[in-house]
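Student: Following this message is one structure expressed as structure tokens.
The values are calculated or read from the model by the stated rules, or taken from the named source; none is laboratory data. Since the model is a prediction, treat every value here as computed from it, not as a measurement. Note that each Cβ is placed from the backbone with ideal geometry, even for glycine, and that neighbours are counted across all protein chains shown. What goes into the accessible areas is simple: the full protein's heavy atoms, side chains included, and nothing from ligands, DNA or RNA. Shrake-Rupley method; radii C 1.70, N 1.55, O 1.52, S 1.80 Å.
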Amino acid sequence: MDTNDNLHNDADGNLENVNNTDQNTQDMPEKDMNTEPSTAVEETKVTPQEIVTGEETTETPVVAVKEEESSSDNDDESDDHAEDVDAQTLPDTDYNTLEMPALVASLRQLIQDFPINTIKTHVDDIKKAFESKDQDAEKEAREEFVKANPATEEAPAPEFEYDNPISKEFNDLHSLYRKQRGEFQRQQRKEQEDNLEKRKNIIESIKNLIDEEENIGTTFKKFNALQQAWKDTGKIPHDAYNIVWNDYRLHTQNFYDYIDLSKELRDKDFERNLDFHNKIITRAEELGNEPDIHKALRELQELHRMWKEDAGPVAKEHRDPIWDKFSAATKVIHDKRQAYYEERDKLAEKNQTIKQNIIAEIKKITAAGAKNHKGWQDRLEEVNALKELFTQTGPATKALNNHLWEQFRVVGREFNHAKNAFYKDLKKDQQDNLDKKMKLIEIAEQHLAGDDFNGSLPVMKRIQSEWKEIGHVPRKVSDKIWKRFQAACNGFFDKKNAQKKEENAEEAANFEAKMKVYDALKEMLPQDDQEAMKADVEKHMADWAAIGRVPYSKRHIQDKFDKLLQAKLKAAGMSAVDAEMLKYQSKLSSLESGDARDFTNERFYLRKRRDEIQDEKRQLENNMQFINTKDDKNPFVIQLKKNTAALDKELDLIKEKQKQLNILERQMKKAEEEASTDDESSEATE
């Protein structure tokens, strides 16, 4: 019998490419060739024939494969293959976007809801994301600790201790996962070792069938039973698989080659096997139209397992044709898978570009910064929108996805540092502004308590202007200090206005009194006795000086009185200079009874007028240098000399006024000193 059957070493159609997870699917043993494919459905197990024939009595002709059946025998000490197969049923989550409590909850859910051998990749991703966030939290806690506990010359900074309760919770959960996974792997290994011994015994039994002298029918039944036992035996260790499989195939082929079988029985078995192969091919071709590529790949993997394990040999002339058809159907699915991954890679490259642009934009926003609170709030809204877009964008290429996520976190932290630095400086500036405004409040309240409203008025106006120029203060005290400052200012001006009303009433009465003096002086008739007339004028002058201030709007009465007084003094026979000085005595009397501001104003006026006269004299002297001063008949020279004489006369008068003003000032100071001495003596006597 020809030994070249259809159990090729690559009979799985390069199945290692079915899933993009670096898996190496092994060749599987063949099934009893003389047993009809069963259509029975166990309570918890779906038979391979149901996948191909759809003979299960349910509405759906193809039944999903159980986890154990969809895994190849190469899952010995690692359950990576099982995890890759079932990964599609696990939640698709970008764990980098979750915070630490959510990562703990996700790990707990995986341990509770999914087989321990299917979650390794997800657990590794969660662990990596958690450790990264925990490191960031520790770094931030350390920075805050250093700021709050700076080292001094007297004592070094205390030692930092990081204690994160949620980190302990995560580590406990991860230890539980590792313990359960280890127990699962040890149990798997023990079962595989037991299965290895069973399969070795089966091979030995098939080997011994050749030497038994029994009826061919009995021998063939034993062979079928051994094949069924082989199929029912579970997984074996990966490192022993190829040797055991080659031994099994060798002795199975030897059984067919050296046992004299009935040609009719063999041909019938070949026909059944050919029919089963064709059903596998039909189902593989149908999978070419399956829209879910992952589902198609998982079922194709099971079809390859059935091709190797459940379907027996066929006649030699059919072996290559059916294999070519099966390979062609497999290639269709592989091509679709390749197209799927190419499209996914294109989308990943697009996502990569989007994420790189987002990172660059956040860097740009951070570098630009802002100058005020509103500006930083606007920048914060922009960054939050970019962060949301980043998290909503799908994964980038595998080589850069984690790197981009780390960059995204770094630029996010840099933005937060820049924003926090601004608000830290702003807080300091606001505190400085608060100190400045508190000083202005103190000044306002001091002047509110005083009575010198004329002297305080410029100060109050100045601090009001300064208040407007000072920037913002902390919001929690802004209204409070403003109301306090406003109350002090309003109180000051209310008191000032009240005093002004009183003064206005008094000044109005003074105006009426001065008008009576003015009218009396005006009605005074010239007298032959000039001394008597002079005495009457001086009496009116004294009466005038004894009267206080008049309203500002009525101050012109002083000029009218001065002109009338000068006329009356001339009528009494006094010279203009004497009349002016006598009139000035009246002015001095009013200054003596007035306030300090009037005294200061008079001194300023005299000094200013003296400077003006001296400037005018210098100008006249300059003009005299350009003309012939010897020509006394030159009208221009005559006028210049008159003007110079008039200025000299007025200058003498101004100097005399300044002299009298100084005398009065000294007398007033002396009187104040004597009064002060008398007060001190009185206090000492008491």
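Student: Could you go through segment 138-146 and let me know if any residue there is open to solvent by less than 50 Å² (accessible area, probe 1.4 Å), in contact (Cβ under 8 Å) with a residue 60 or more places away in the chain and within 30 Å of E406 (Cα to Cα).
Tutor: no
Student: Report, by residue number, each residue of segment 515-526 that is touching a residue at least 40 places away in the same chain (Cβ under 8 Å) and open to solvent by 60 Å² or more (accessible area, probe 1.4 Å).
Tutor: If the condition is that a residue be touching a residue at least 40 places away in the same chain (Cβ under 8 Å) and open to solvent by 60 Å² or more (accessible area, probe 1.4 Å), then K522, P526 are the ones that fit.
Student: Criterion first (assigned to a helix (DSSP H, G or I), open to solvent by less than 70 Å² (accessible area, probe 1.4 Å), touching a residue at least 40 places away in the same chain (Cβ under 8 Å) and touching a Phe, Trp or Tyr at 6+ places or on another chain (Cβ under 8 Å)) does Y256 satisfy it?
Tutor: For Y256, the condition - assigned to a helix (DSSP H, G or I), open to solvent by less than 70 Å² (accessible area, probe 1.4 Å), touching a residue at least 40 places away in the same chain (Cβ under 8 Å) and touching a Phe, Trp or Tyr at 6+ places or on another chain (Cβ under 8 Å) - is not met.
Student: Something else about it: Which number in (1) at pLDDT below 80; (2) among the aliphatic types (A, V, I, L, M); (3) out of contact with any Asp or Glu (no Cβ under 8 Å at 6 or more places or on another chain); (4) in a helix (DSSP H, G or I) marks the one condition that I638 misses?
Tutor: Of the numbered conditions (1) at pLDDT below 80; (2) among the aliphatic types (A, V, I, L, M); (3) out of contact with any Asp or Glu (no Cβ under 8 Å at 6 or more places or on another chain); (4) in a helix (DSSP H, G or I), the odd one out for I638 is (3).
Student: Taking N490 as the residue in question, decide whether it is surrounded by fewer than 16 Cβ atoms within 10 Å (Cβ to Cβ), modelled with pLDDT of 80 or more and not aliphatic (A, V, I, L, M).
Tutor: Against the criterion (surrounded by fewer than 16 Cβ atoms within 10 Å (Cβ to Cβ), modelled with pLDDT of 80 or more and not aliphatic (A, V, I, L, M)), N490 qualifies.
Student: A further question on this structure: Take the residues in segment 211-230 that are at pLDDT below 75 and in a helix (DSSP H, G or I), then tell me which one is surrounded by the fewest Cβ atoms within 10 Å (Cβ to Cβ).
Tutor: Per the criteria, the residue is G217.
Student: Scan segment 166-224 for residues that are without any contact (Cβ under 8 Å) to a residue 12 or more places away in the chain and β-branched (V, I, T) and jot them down.
Tutor: Passing the criteria: only T218.
Student: OK, next. Which of the residues spanning segment 343-363 are among the basic types (K, R) and closer than 14 Å to Q407 by Cα?
Tutor: The answer is K355, K363.
Student: So, one more: Report every pair of residues separated by at least 6 positions or lying on different chains whose Cβ atoms are under 6 Å apart, first residue within segment 227-240 and more than 21 Å from Y256 (Cα to Cα), second at pLDDT below 85.
Tutor: Taking only residues 6 or more apart or on different chains, the pairs are K235/D73; P237/D76; H238/N74; H238/D76.
Student: Let me ask something else. Pull out all pairs, ordered by first then second residue, where Cβ-Cβ is under 8 Å, the residues are six or more apart or on different chains, the first lies in segment 320-346 and is of a type in the set (F, W, Y), and the second is part of a helix (DSSP H, G or I).
Tutor: Filtered contacts from segment 320-346: F326/H277; F326/I280; F326/I281; F326/A284; F326/W307; Y340/I293.
Student: With the checklist (1) open to solvent by 50 Å² or more (accessible area, probe 1.4 Å); (2) within 18 Å of K346 (Cα to Cα) in hand, flag the one item Q407 doesn't pass.
Tutor: The one condition Q407 does not meet is (2).
Student: Run down L448, L434, L440 and say which single residue is more than 30 Å from D562 (Cα to Cα), touching a residue at least 40 places away in the same chain (Cβ under 8 Å) and open to solvent by 30 Å² or more (accessible area, probe 1.4 Å).
Tutor: Residue meeting the stated conditions: L448.
Student: Here are K427, K461: which of them is assigned to a helix (DSSP H, G or I) and modelled with pLDDT of 85 or more?
Tutor: Residue meeting the stated conditions: K461.
Student: Conditions: (1) open to solvent by 60 Å² or more (accessible area, probe 1.4 Å); (2) modelled with pLDDT of 85 or more; (3) in contact with a helix residue (DSSP H, G or I) (Cβ under 6 Å, 6 or more places away or on another chain). H472 meets all but one. Number of the miss?
Tutor: (2)
Student: Quick one: which of A157, A137, A102 is outside any helix (DSSP H, G or I) and either more than 26 Å from A396 (Cβ to Cβ) or modelled with pLDDT of 70 or more (or both)?
Tutor: Exactly one residue qualifies, and that residue is A157.
Student: So, A311, is that one in contact with an Asp or Glu (Cβ under 8 Å, 6 or more places away or on another chain) and modelled with pLDDT of 90 or more or not?
Tutor: No.
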